[in-house]
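Chemist: One structure, as structure tokens, below. Some questions next.
The values are calculated or read from the model by the stated rules, or taken from the named source; none is laboratory data. Everything numeric here is computed off the predicted structure, so don't read it as measured data. Positions of Cβ are generated from backbone atoms using ideal geometry, with glycine treated the same way; all protein chains shown enter the neighbour counts. Just so you know, the surface numbers come from the protein's heavy atoms only, side chains and all, with ligands and any DNA or RNA stripped out. Shrake-Rupley method; radii C 1.70, N 1.55, O 1.52, S 1.80 Å.
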Amino acid sequence: MTITDWPRNAAPTDPDPSPLGFVSLPPGPASATPEFVSEAPDTVSEAAPAASGAPGAGRAMKILMFALTSVAAVGGILVGAIGFAMSYDTLSGVALNSWGFSAQLAPWFPVGVDASIVAFLALDLYLVRKGTAWPVLRLAAHTMTGVTIWLNASSQGSIQADPVRAVAHGAMPFLFVIGVEAGRRLVIQKARLEAGTAADRVPLHRWLLAPRDTPRFYRRMRLYGITSYPEMVRRDQELIAYELWLKRKHGGDLGKATEDELLPMTMARYGYTVAQALAMPDEQEQAAAEREEAAERRRLEAETRRKLAEANAQAEALRADGQVETVRAQVEGETGQARAHARAQVTAAERAAALEEQALETAVMAEARARTAAAEHQEAIERKAKADTDLEAAKLERAAAEERRAAAEADKVAAAEAQAIDTQTIAVARRATAEADAAAAEKEKAAAETRRAVAEANRKTAEEEARREAALAAIEESKKAAAEAERAAAETRRAVAEIERRAVEAEDVAKLKPRERAVRKVARMILATPEQDAEQLPLAEIMSELAVSSSATASEYRQEAADLLTKGYRP
């Protein structure tokens, strides 16, 4: 016989043993568990007749059990009813006559005491049936039972004076509690049987016949969840048989046995069977090998993940480098374009400033010419005033000539009147004098006419000069207004150039893309229009300013610029 050969056991093993496991998974019971507690056999030898009986014997046993259950139920109910009736009658009378209860409350006192017992026990049985037993309920029910027994026993006087009478009054409640405890035990055992946790009891004769070994036997059953007493006996017999076989193998000296061979005796106290203990080294080696395989598998998986991560990291680094190069090239291109655009803007601003200075110089010259024209206009006005004065003097001179001619006529009349008186000589002299005066008057009149004509010519010349000076002044005013307009336009262009320069600087700081710069430039062009309306900005001007050849592109720029202005953009 080798170590792998099983020795014969005193008790037969199960034909289909449970698979080997660890101590936390004890094997199932070798035989079926009986349904009721009273059906559990006390020893291994008593289990065989019940299993090998005829069908008629089983039916008779069921009938007998049904009859016993019926008698127990009827008897328990009868004992409970009698005990409750006697306790009610005794306690209600004593409560009314001796304990000072009123006639209304005295009948309810025994009901409260006895009903509390029934309620606590019923609730305890319900919780036990649900697997949530609470020992406080059972303790409370037993306490109330003791109270009702003592109240019933002492209701007829001193217990020491008449103990028989006291026992007679206290016996029925005690019997009622005994019946309830029996029912509770039945319910608990049935619940354990249904849950598969019912454990066989160690027979009383084993305690008496093997008082030294039985406590260890019972301890192993309870500690390691072995609920079948026959299974525990089989394990014990199997261990004894293996120990005897091991002694025979080594000539009665267990000191020669290896540690693996001694494992069943070592592990028996921990609930292991012989087969489980002997299989433990192989299982542990297998588990260790599985752990090593799992560790190696995890290591390989970790190594694979590490290599994959490194490859992914390298790929990401290459992609990142490519993206950086792309972005660098794009940024350099945009930067160069922005710089060129900025230089163009600066050149345009400088050209606008030069034009502005030229316009300012032109405006200064125009202002000087305007001042000269104003001085000439004033001089023309003065010449006109002088011509008017000369004309007035000519008029006065003509009036004086007229007066002298009238005086001459008067002298002529006087001479005609005196002609008759004076002599022919005097008349001739007077006539010669008159003719001389007349000739002088004619000459004076001709001179006055000449002076008047000259004055009139001077006046007309002065008026013509004034009109010419007024025309020149109007021309100068027009030139001045044009200069002012040119200066205002130059100021506007200078402001636009300054705004454009600041906008370009802001765009450089913001690192805008060329399209964004173009859209903002179109927005500034829209703001420069008088109505600040996008539709008033010609597409040709946009195409010329941005150097685009497509009117559709220029239209897109204008629409985006209008949207940007709507959103609140101001350079």
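Chemist: Compute the accessible area per residue over region 240-298, keeping the other protein chains in place, probe 1.4 Å, unit Å².
Modeler: That works out to 61 Å² per residue.
Chemist: Applying the Karplus parametrisation 6.51 cos²θ - 1.76 cosθ + 1.60 with θ = phi - 60° to the phi angles of region 302-312, what ³J(HN,Hα) value in whole Hz is obtained for each residue in order, glycine and proline being reported as x?
Modeler: Using θ = phi - 60°, the values come out as 5, 4, 5, 4, 5, 4, 4, 5, 4, 4, 5 Hz.
Chemist: Still on this model: Let's test this: bin the Cα-Cα distances of region 196-306 at 10 Å from zero up to the farthest pair and state each bin's percent.
Modeler: Pairs per bin, as whole percents: 12, 30, 25, 16, 10, 5, 1.
Chemist: I would also like to ask the following. Quick one: length gained pulling K130 to R222 fully straight, 0.36 nm per residue minus the C-alpha distance?
Modeler: 30.9 nm
Chemist: Could you go through region 483-492 in sequence order and give the Karplus-derived ³J(HN,Hα) for each residue, using 6.51 cos²θ - 1.76 cosθ + 1.60 with θ = phi - 60°, rounded to whole Hz, and x for Gly and Pro?
Modeler: So the J values, rounded to whole Hz, are 5, 4, 4, 5, 5, 4, 5, 5, 4, 4.
Chemist: Which chymotrypsin sites (Phe, Trp or Tyr not before Pro) in region 85-187 pass both tests, a DSSP loop state and at most 15 other beta-carbon atoms within 10 Å?
Modeler: When the chymotrypsin sites (Phe, Trp or Tyr not before Pro) of region 85-187 are filtered for loop state and at most 15 Cβ neighbours within 10 Å, W99 remain.
Chemist: Could you derive backbone 3J(HN,Hα) for region 468-473 from the dihedral phi with the Karplus parameters 6.51, -1.76 and 1.60 (θ = phi - 60°), listing whole Hz in sequence and x where the residue is Gly or Pro?
Modeler: 5, 5, 5, 5, 5, 5
Chemist: Additional query: Let me know the charge dipole size of region 205-310 about its Cα centre in debye, to the nearest 20, where only the beta-carbon of Lys, Arg (+1) and Asp, Glu (-1) is charged.
Modeler: Using only the charged Cβ atoms, the result is roughly 600 debye.
Chemist: Right, here's the next one. Return one quarter of the surface area of the convex hull spanned by the alpha-carbon atoms of region 65-126, equal to its mean projected area, in nm².
Modeler: Its average projected convex-hull area is 5.0 nm².
Chemist: About its Cα centre, how strong a charge dipole does region 447-571 have in debye, to the nearest 20, once Lys and Arg get +1 and Asp and Glu get -1 at the Cβ?
Modeler: Approximately 300 debye in magnitude.
Chemist: Now, a different point. Pulled fully out, how much extra length does the chain show between D508 and M65, if you take 0.36 nm times their separation in residues and subtract their Cα-Cα distance?
Modeler: 149.0 nm
Chemist: Work out Dmax and Rg for region 437-558 from the C-alpha atoms and quote the Rg first, both in angstrom.
Modeler: 32.3, 106
Chemist: Could you rank the peptides 520-533, 385-398 by their average count of other C-beta atoms within 10 Å per residue, with the highest value first?
Modeler: Ranking, from highest mean packing down: 520-533, 385-398.
Chemist: Take peptides 278-290, 550-562 and line them up by average Cβ neighbours within 10 Å, highest first, as a rough protection proxy.
Modeler: 550-562, 278-290
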